[in-house]
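Novice: I have a structure I would like to understand better, so I am pasting it below and will then ask my questions one at a time.
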Amino acid sequence: MHTLVTNLNSLWKVVAVSLILGAGLPIVFAVGVRLWSSADTVGRDGSVARRNYPALAGAYACFALIVLAIVTGILYTAKAFLAAKFGIHLFGQS
C-alpha cells in the first residue's frame, strides 16, 4: 500500500507539471498571438487606424513569459554542467 501511495504522489506531480508546461505554455503563446493581432486596428483603406496599447502590453507580457520559461528550462537542463565547469549553482546544491 505504501508503494501505491508513493507512486500516486509522484504521478500527480508529473501530471501537474505536464499540464502547466505541456498545455499551459502553448495557451499563453496563443493568447499572446491573439493579443498581438488585436493590437492594431486596420482601416478600410489598409492603413492602421489606431493602436490598442493594453493588448500590445499583454502580448509582450505573454511572450516574455514564454522566453523566461524557455531560458529557465535550458538553465535547469544545464545545471550540472554549470555547477561542474563554472561553480554556478542556480537551482541549489545538487
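Novice: For a quick check: with amide H placed at 1.01 Å from N, whose amide H comes under 5 Å from ASP40's, ignoring anything fewer than 5 positions away on the same chain?
Specialist: ASN52
Novice: Please calculate how many Å² of accessible area the chain carries per residue, with a 1.4 Å probe and no DNA, RNA or ligand atoms counted.
Specialist: For the chain, the per-residue accessible area is 79 Å².
Novice: Where the only charges are on Cβ atoms (+1 Lys, Arg; -1 Asp, Glu), what is the dipole of the chain about its Cα centre, to the nearest 20 debye?
Specialist: 60 debye
Novice: Also: For the chain, which DSSP H helices look membrane-span-like by this rule: Cα extent along the axis of 30 Å or more and mean Kyte-Doolittle of at least 1.6?
Specialist: Once both thresholds are applied, what remains is 53-77.
Novice: How far, in nm, would the chain grow between LEU90 and VAL33 when pulled straight, counting 0.36 nm per residue and subtracting the alpha carbon separation?
Specialist: Length difference between fully extended and current span is 17.4 nm.
Novice: Given a 1.4 Å probe and every protein chain left where it sits, what share in percent of the accessible area of the chain is carbon and sulfur?
Specialist: Looking at the chain in its full context, I get 71 percent from C and S.
Novice: Return the single residue from VAL31, VAL67, VAL17 with maximal mean-square fluctuation; model: Gaussian network over the chain, springs between Cα atoms under 10 Å.
Specialist: Maximum among the listed residues: VAL17.
Novice: Can you tell me how much longer the chain between TYR76 and ARG51 gets when fully stretched, taken as 0.36 nm per residue apart minus their C-alpha distance, in nm with one decimal?
Specialist: Taking TYR76 through ARG51 to full extension adds about 5.2 nm, to one decimal.
Novice: Another question about this same structure. Quick one, which of (1) 40, 21, 8; (2) 43, 14, 9; (3) 29, 12, 9 is the actual semi-axes √(5λ) of the Cα gyration tensor in Å calculated for this model?
Specialist: (1)
Novice: What distance in nm separates the simple spin-label points at ILE20 and ASN7, each placed 7 Å from Cα in the Cβ direction?
Specialist: 2.5 nm
The values are calculated or read from the model by the stated rules, or taken from the named source; none is laboratory data. Keep in mind that this is a model prediction, so the values were computed, not measured. As a convention, Cβ positions derive from the backbone with ideal geometry for all residues, glycine included, and neighbour counts pool all protein chains shown. To get the accessible areas, we keep the full protein, side chains included, count just its heavy atoms, and leave off ligands, DNA and RNA. Shrake-Rupley method; radii C 1.70, N 1.55, O 1.52, S 1.80 Å.
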